[in-house]
Every structure is written in C-alpha cells, then in structure tokens.
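Asks: Structure incoming, see below.
Each reported figure results from applying straightforward, stated rules to the coordinates on display, with no laboratory input. Because the structure is predicted, anything quoted here is derived from the model rather than measured. Cβ: placed from backbone, ideal geometry, glycine included. Neighbour counts: every protein chain shown.
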Amino acid sequence: TGPLTVGEFAKQLRKEASEVIRKLISFGTMAAINQEIDVDTMILLGEEFGIRVVYKEIVDESNFEELEEHDDPNDLVERPPVVTIMGHVDHGKTTLLDTIRESKITSGEAGGITQHIGAYQIEKDGRKITFLDTPGHAAFTTMRARGAKVTDITILVVAADDGVMPQTIEAINHSKAANVPIIVAVNKMDKPDATPDRVMQQLTEYGVVPEDWGGENIFVPISALNGTGIDDLLEMVLLQAEILELKANPEKPARGVVIEAELDKGKGTIGTVLVQSGTLRVGDAIVAGNHFGKIRAMINDRGRRIKVASPSTPVGILGLSDVPNAGDAFMVFEDEKKARAIASQRGLKEKQAAQGTQAKVTLDDLFKQI
Ligand code: GDP
Ligand code: MG
C-alpha cells in the first residue's frame, strides 16, 4: 500500500506515535501524527527502533500495461527503432514499405518467402530497423487508445506532385500527440511535376519544419518507385534513433504489444506481437489482451522458426487460446496457471467496465470532435 501516516506507522511498529515523532525530530523533521511519511523514512525509523521494515508494494498484475518497468540502468541495452510509415492515400506508403523490404533482404535470404506478419525488420550498416506494416493509422489510434506507445519514429510520406492533403495533416496530428518525431519522405521525386519546395512550405504551416529552416524535422527527397534516396532515408532513421537513445532490458520476461491477430483453421490463433522489453521465448506462458496461452512456436518476418525474440523484434506466435485485438498489451508470466488466472481476471474487468461505461473513445473520435 501507499505511504502511511505517522500514527499508522507507529501502530505497525507497536510504538507510541509520540516516540516516532521524537525520532523524526531527531532527524530534523517536524511531523504531526496524521502526516504521511515516505518509505525511506520508514526504513530509517525502523532501524532506529531496531526493527527491520520490509516494504512490499501490492501490485495488480492483471493491469500489467500500467505497471512501470523498474530496470537497473546497467541492464539496459540499445534496441532497434520501431518505425511507422504514414501519409495520404496514394502518396506511396505501400510502395515505400515494399521497396525498403526488398532492397534490404540479405543475399542468403533471397528467394526465401517473406512472411506477412504485419511488421518486418531490416538491417542497414549492421543496425536493425523495425517497420510496422499495419496501416500507420491503426498503429496510433487503437494502440494509443489502449495506452501503448508502439512507434518511435514516423516516416511521413508526402507526394511531391500532390503536396499536403487531409491524411497528411492527420498523420502529423497523431505523431505530435504521441510525441513521436517525424521524418518527411518527399516522394515521387522522379515525376516531372514534382515541387518539393512547395511541400516544405506547406508543411511548415503545420509545425513540420526542415532543419535548414531552423526546424527540427529531417526531410529526404525519395522515389519509392525507383529506389532513389532510400539509403539516405534509412540513414536518417538511424540518426534519429541515435538521438532518441532507445533502450530496453532484454534480461527479463517479455512485454509488448499485439500488432495483429487472426484465427487460422489449422493452426489456431496466429498473432504478431512486437516485443518491447525482455526476451520472448518458445514455451513462455503469455497473456495477450484477455487471452492466455503457451507459445508453441514463433516465426520471424522471413517465415523462419525462431526460439527467442529480443526487444523491438516483431514475431509471429502460435499458441494463444483465442484472438486478441490489435493494440492489446501482452506479458509473460511464470506459468500457464498464472497466465490463465490473469487472463480471466482481465476478461472480468473488461465486462464490468463495459457495463459501466460507453464504448471506448478512440483517438480518432477525439480528433473528429475538434
Ligand atoms: P499508398 O496508398 O500510400 O500506399 O500508395 P501506393 O504505394 O499504393 O502508391 C500509389 C501509386 O503511386 C501507385 O501507382 C504507385 O506505383 C505510385 N508511386 C508510389 N511511389 C512512387 C514514386 O516514387 N514515383 C512514382 N512515379 N510513382 C509512385
Ligand atoms: Mg497502401
């Protein structure tokens, strides 16, 4: 439980409140009987009385997306950036995702079937980058509505022959609301009617300003169709990632978010999850949304079976009891029994919440009201 008052704490110690107050005064603290004292002070007071104070926080594990992570800074290691590509329809998002994916498949894997798992990872100059292949929109709305921050960097695709359009603005709003830096890919530079200056000018009105103009956004001219500028773009992603100092602790049970999930008649539930911290392993007992399971198998974005997945790795998993929602948080627990209990607790809570409140408001709804 939270901090105690002087009176409550004295009772726990089986001491008079006045004795505790006297000790506090000897520490140089004037405190009244109904004043709250913090944990460190309680431990010190305990020592004074020759009593060891053990502070045990009571945590509700069923609410695991809200649990803060307490990592020793020494355990934190660099992790790859997670990137979402956003932009107006037909400005070239899908083309860009495909071009990046194809250009970066290492020779050993050429010819291998790329598995569609809703996200993929590439390597550039020996460093990894994770791309979410879901509509950029969903990555922000659903997932953010559930309190999960998934994306580290937005690539905003703007066609140089078309300029800023409604969904461009929407993408800017989502990214800014989530405090995610925007790298602008000025696309379709191969077109004769491309006017990149106009794009820069227009974006400035929405607070997206090139570094050369005193702003903080990186602009990269590209052609997603013929591959020009893609290397530059990826270099800029890595540069931005360096500035963000993205880190995670791989030495603990995994936590993360569901990217997508579906039911396969033969295989059962197939989910794609993004590991955000810890390491996910085959055999782990997991809760995703309100469902639990034991991971039977994992596949990577190349369709290969893997046994472990580290932070920022997208991975397909088999073994969930039922289909969770995109944007649901997942977490690994010590065994299947525990996972089952947590999952049913979460299901119950959701039912109660649904009876008590209206449907959840998504970020999109919020924007519509403005
Ligand atoms: P999305 O709706 O944002 O996913 O856009 P698409 O990737 O589907 O692209 C829409 C159209 O623009 C397609 O016909 C693409 O071939 C074309 N396109 C995309 N990138 C480029 C580019 O760099 N140059 C040219 N000329 N066409 C492009
Ligand atoms: Mg598309």
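Asks: Can you give me the P(r) profile for segment 210-356? Cα pairs, bins 5 angstrom wide beginning at 0, each as a whole percent.
Replies: Here the calculated profile for segment 210-356 is 2, 9, 15, 17, 15, 11, 10, 9, 7, 4, 2, 0.
Asks: How much net charge surrounds Ile270 when only other residues with a Cβ under 14 Å from its Cβ are counted (Lys, Arg +1; Asp, Glu -1)?
Replies: My count for the surroundings of Ile270 gives -1.
Asks: Label points 7 Å out from Cα along the Cβ direction at Thr29 and Val308: separation in nm?
Replies: It works out to 4.3 nm between the two label points.
Asks: Gaussian network model of the chain, Cα springs within a sub-10 Å range: biggest mean-square fluctuation belongs to which of Ser26, Ser321, Ser103?
Replies: In the Gaussian network model the winner is Ser26.
Asks: Okay, next question. Considering only DSSP states other than H, G, I, E and B, which chymotrypsin sites (Phe, Trp or Tyr not before Pro) in segment 252-346 qualify as loop sites with at most 11 other Cβ atoms within 10 Å?
Replies: Those that pass, being in a loop and sparsely packed, number zero.
Asks: What fraction of the Cα pairs in segment 183-272, stated in percent, has a spacing above 20 angstrom?
Replies: Of all Cα-Cα distances in segment 183-272, 59 percent exceed 20 Å.
Asks: Right, next: Among Tyr206, Tyr120, what is the fewest-to-most ranking by other Cβ atoms within 10 Å?
Replies: Fewest to most other Cβ atoms nearby, the residues stand as Tyr206, Tyr120.
Asks: Here's a follow-up. Under 21 Å between alpha carbons, and skipping anything fewer than 8 positions from Lys294 in its own chain: which lysines qualify?
Replies: Straight-line reach from Lys294, under 21 Å: Lys252, Lys265, Lys267, Lys307, Lys337, Lys338.
Asks: Moving to a separate point now. Report Rg/Rh for the chain, rounded to two decimals, where Rg is the Cα radius of gyration and Rh the Kirkwood radius.
Replies: Dividing the radius of gyration by the Kirkwood radius yields 1.08.
Asks: Could you list Lys349, Lys188 in order of exposure, starting from the residue whose Cβ has the fewest other Cβ atoms within 10 Å?
Replies: Starting with the residue having the fewest Cβ neighbours, the order is Lys349, Lys188.
Asks: Another question, if that's okay. If I model a spin label at Lys176 and Ala341 as a point 7 Å from the Cα along the Cα→Cβ vector, what separation in nanometres do I get?
Replies: Each label point is offset 7 Å from its Cα along the Cβ direction, giving 4.7 nm.
Asks: Next question. Can you tell me how much longer the chain between Glu123 and Asp98 gets when fully stretched, taken as 0.36 nm per residue apart minus their C-alpha distance, in nm with one decimal?
Replies: Gain in length upon complete extension: 7.5 nm.
Asks: Now for a different question. Hey, in the GNM for the chain with a 10 angstrom Cα cutoff, which one of Pro324, Pro166, Pro221 fluctuates hardest?
Replies: Between Pro324, Pro166, Pro221, it is Pro166 that shows the largest mean-square fluctuation.
Asks: A further question follows. Take the chain, connect every pair of alpha-carbon atoms lying under 10 Å apart with a spring to form a Gaussian network, then pick out the residue of Gln355, Gln276, Gln12 with the largest mean-square fluctuation.
Replies: Residue with maximal mean-square fluctuation among Gln355, Gln276, Gln12: Gln12.
Asks: Only counting other Cβ atoms within 10 Å, I'd like Thr154, Thr269 sorted with the fewest neighbours first.
Replies: Exposure proxy ranking, most exposed first: Thr269, Thr154.
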